[in-house]
Amino acid sequence: MAAILSVKDLRKVYDGGFEALKGVSLDIEEGEILALLGPNGAGKTTLISTVCGLVTPSSGSVTVGGHDILRDYRAARSLIGLVPQEVVVEQFETVRNTVRLSRGLFGKPRNDALVEEILRKLSLWDKRDNQIKELSGGMKRRVLIAKALAHEPRVLFLDEPTAGVDVALRKDMWDIVAEMKADGVTIILTTHYIEEAEAIADRIGVITRGELLLVQEKAELMRQMGRKQLEVQLNAPIETLPASLADFGLEIGQGGETLIYSYDTHAERTGITKLLNAISDAGLTLRDVQTRQSSLEDIFVNLVEEDA
């Protein structure tokens, strides 16, 4: 499948010499959800702002649907919807008029049926005649999404869309994103909530200090980089490891009642059988044994720490 968004060696250097983007290259296919993870100041918002035409790149190129964002700005920008971090809307305007206006700004003809469809999908129809100032923070974020969808974009950027909303509303937003994907919209999501990326993304990108460390399918990333931990719960706590267990790389859990052993599930041998035998030979009695798979958060933290 052809890339609908193509970023090639994109760089951005601000006045004063700060390099916010350092040669970022990225292709995103039509209809996929890419989650872009990174710490504060990593370059996520600069990348989005550059693609959307809000920031001028220092070098490199970006095309959206084959249109260069500099040479063919209007055509490229018409394909893009943006939901920014900040809730910036006219507080005294109604929800419906806000969405109508956004469509008009892109030169699209009035289409009340489409506006109604978008508002209903985002559970905003009952609030259509309310002024923005009367809405909750979560509802205002839904209005931002409605505004971004009003001109029927093919690529939608969600920059921290669930920041500051409660868990229930966050999960509602995940459902909304899934529906947009089903409608063929390509979605690029930046988030600090690792579980958000783990729940909805097809691919994961990790960016830090202006560099894209990797872009990989979520399942493959978990397979290649995820590790498991074996937690051995003891009948009696210990303060120090017996010398015979020193070579297993064990950690003593809180309270001294748990031994934690990390292993690679794809290795030829996990070493678990040898470990359990060694624990028994050391005179320790097991109460329970359980395993835990590394989460995407574990993988993300390890990648960023390795790059630091």
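Data table
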item: Protection-proxy order for peptides 98-109, 23-34, each taking the mean of Cβ atoms within 10 Å per residue, highest first; result: 23-34, 98-109
item: Relative contact order computed over segment 227-293 (Cα-Cα under 8 Å; 6+ residues apart), in percent; result: 51
item: Segment 55-110 versus segment 1-48: alpha-carbon centroid distance in Å; result: 18
item: In Å, descending, principal axis extents of the Cα set of segment 227-293; result: 32, 21, 17
item: Reduced Cα scattering model of segment 73-184, Debye log10 I(q)/I(0), q = 0.11 Å⁻¹; result: -0.31
item: Neighbour-limited loop hits for GluC sites (Glu not before Pro), segment 85-156 (at most 14 other Cβ within 10 Å; DSSP other than H, G, I, E, B); result: E86, E90
item: Mean separation of Cα contacts under 8 Å, 6 or more apart, over the residue count of segment 77-156: relative contact order %; result: 53
item: Over 24 Å between alpha carbons, listed pairs K8/K147; K22/K44; K121/K218; result: K8/K147; K121/K218
item: Correct choice for percent of Cα pairs over 31 Å apart that was computed from the model, options (i) 43; (ii) 55; (iii) 24; result: (i)
item: Qualifying lysines (Cα of each under 18 Å from Cα of K274; at least 8 residues distant if same chain); result: K228
item: Debye intensity ratio I(q)/I(0), log10, segment 104-251, q values 0.11, 0.12, 0.14 Å⁻¹ (C-alpha model); result: -0.60, -0.67, -0.82
item: Net charge dipole size for the chain [Lys, Arg +1 and Asp, Glu -1 on Cβ; Debye, nearest 20]; result: 1220
item: Helical segments meeting 18 Å axial Cα length and Kyte-Doolittle -1.0 threshold in the chain (DSSP H); result: 137-149, 167-182
item: 18 Å Cα-Cα reach of K133 towards aspartates and glutamates, excluding residues that sit fewer than 8 places from it in its own chain; result: E86, E90, E93
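Here, each number is a calculation from the coordinates, and none is a lab measurement. Model, not experiment: these values are computed from the prediction. Heads up, the Cβs are rebuilt from the backbone with ideal geometry, glycines too, and the neighbour counts pull from every protein chain shown.
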